[in-house]
1. Answer yes or no as to whether Ser120 is on the phi < 0 side of the Ramachandran plot and assigned to a helix (DSSP H, G or I).
2. Would you be able to tell me the number of residues in segment 263-314 that are touching a His at 6+ places or on another chain (Cβ under 6 Å) and not in a strand (DSSP E or B)?
3. Confirm whether Ala114 is closer than 23 Å to Phe197 by Cβ, among the small types (Gly, Ala, Ser) and part of a helix (DSSP H, G or I).
4. Check whether at least one residue in segment 198-205 is of a type in the set (Gly, Ala, Ser), closer than 30 Å to Lys242 by Cβ and in a strand (DSSP E or B), and report yes or no.
5. Within segment 236-259, can you find the residues that are within 25 Å of Asn304 (Cβ to Cβ) and open to solvent by 20 Å² or more (accessible area, probe 1.4 Å)?
6. Among the residues of segment 88-96, are any open to solvent by less than 30 Å² (accessible area, probe 1.4 Å), in contact with a helix residue (DSSP H, G or I) (Cβ under 8 Å, 6 or more places away or on another chain) and in a loop (DSSP other than H, G, I, E, B)?
7. Return yes or no: is Lys50 of a type in the set (Lys, Arg) and open to solvent by less than 10 Å² (accessible area, probe 1.4 Å)?
8. For Ala3, are the conditions met, namely being in a helix (DSSP H, G or I), modelled with pLDDT of 95 or more, among the small types (Gly, Ala, Ser) and closer than 26 Å to Met132 by Cβ?
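The values are calculated or read from the model by the stated rules, or taken from the named source; none is laboratory data. Source: prediction; values computed, not measured. Note that each Cβ is placed from the backbone with ideal geometry, even for glycine, and that neighbours are counted across all protein chains shown. Side chains are part of the model used for accessible areas, which takes the heavy atoms of the whole protein and leaves out ligands, DNA and RNA. Shrake-Rupley method; radii C 1.70, N 1.55, O 1.52, S 1.80 Å.
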Amino acid sequence: MQAIVFANRNGNELAPLNQHYCPALLPVANKALVEYTLEDLAAAGITDVKMVISHEAQKIESQIGNGEQWGLTLDYFLSKPEEQVDSVLSRMNIDKTVQALVVRGDILRSPCLARFIEFSRLMPSKFVHAKMDQRNPAMMMLPAGWKHNQLLNWPLETTDVDHNNSVAQVIHGECFYIDSLAAYVKASDYVINSQDFCVKGRAINTKNPQQNLVVEAQCQLPDLSETQAFGAIGEFTKVSNKAQLAQGIVVGEYCFIEDSQIQDSIILPNTYVGPQLSVENKIISQDLIIDPQTNSWSKVEDQNLIAKSTQETSNYNGVFQRAILLMLYVLLSPLLLSLFLGSLILKPRKPIVSETVINNNKQPVKAHKFNISNPSFALLPQVWLVVKGDLQLFGASTQYQSKQDGSTTYGVYGPVQLNFNKDTPIEEVQMVEMEFEHSKKPMYLINMLQHQFDKTNTTVEIKS
């Protein structure tokens, strides 16, 4: 049996954490949220999984991979952000007579899928409406659930199903929608205190015999045997010998905590916490310090207090690549001159079109293009921005910057730049941009241009 896992929330309700994570990858006790659902699927004996993703699709696929670590065969399906379940399933062309499990993977629920599947198989013709902790745990079985797809749309509905051909199943456990910062903290606290979930690492000795402090590999920690600390500490994390950890704490991977006091707080991965800080009931993510109780936050500019603990990844436009592009740009000088003259003849009053765009370093720059109809040639002057490191050669269109998320990388050439105009619906633009980001970009463009060429060169048959 196949499982379809929806992980396409945009996470706006979790601001400002959505600057660093989409809901599916949000760490809960040092494990991506969607991993809890994948573990539950594996425990239920399901091996074939299709995951519906949208926001930060490339990051999800890169981190989750092909599912091998859970014994799953995992494929991905792109959707619009928070696209309705019925719309996605209709595009999947699923056989409506085949049994399949549909479940949201961007919420947290106690492990229960094996029980739900077993109960549903006892009455395959009836829709089983599950309830957990008086909430909708966002799971259903097909084909009986085809008329009830709206129950898995985000935000989730919690209303009862009034249908003659349905049956309710009350499942014991806890269900967290993680639709606010406070809900996120509550879910994290539940995981580190519950026996329902397996937290990665090994338990170390503390003065708290009732609650474990679980530590992953390659950590450098002070002696915590005399503390009451419990929770989880991620791999490759270093905590100063003079730091004080108390009560429930979660510290992510690759963190560095100096001589500070951390109590009942979450320190998310890749975060540096400077000396002489007192952190209580807070979430810290790189340069953000968040108070989930008041739903307030601030960005800290002083890197001696809190900051990102790892170096930025190397930019796609490396020095070598940019040098090659510079030589190419010089070789193209005769072509550029010819195109300019052609544009000057066609549009003598405005041969060059200029606009201000935001580059990949979040700085405004001037972008120029020839005022001609062919976009491939019109955009050639912008290759200079690639040489300078402002844009990528292939990437998202700068025309839709106000509608993209902050992690988007912009480029000179892409399917939107070459194929769309300003009247194209933004939903179509978003779908194509996500598909392009997820692909091997040069080959994607070659296939697209070849397809266009084939359409415009149809053969004409003459009958005698």
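1. yes
2. Looking only at that region, the number is 0.
3. Judged against the criteria, Ala114 is a match.
4. The answer is yes, given that some residue of segment 198-205 is of a type in the set (Gly, Ala, Ser), closer than 30 Å to Lys242 by Cβ and in a strand (DSSP E or B).
5. Phe236, Lys238, Ser240, Asn241, Lys242, Gln244, Ala246, Glu253, Tyr254, Phe256, Glu258, Asp259, listed by residue number.
6. no
7. For Lys50, the condition - of a type in the set (Lys, Arg) and open to solvent by less than 10 Å² (accessible area, probe 1.4 Å) - is not met.
8. Here the answer is no, as Ala3 does not meet what is asked.
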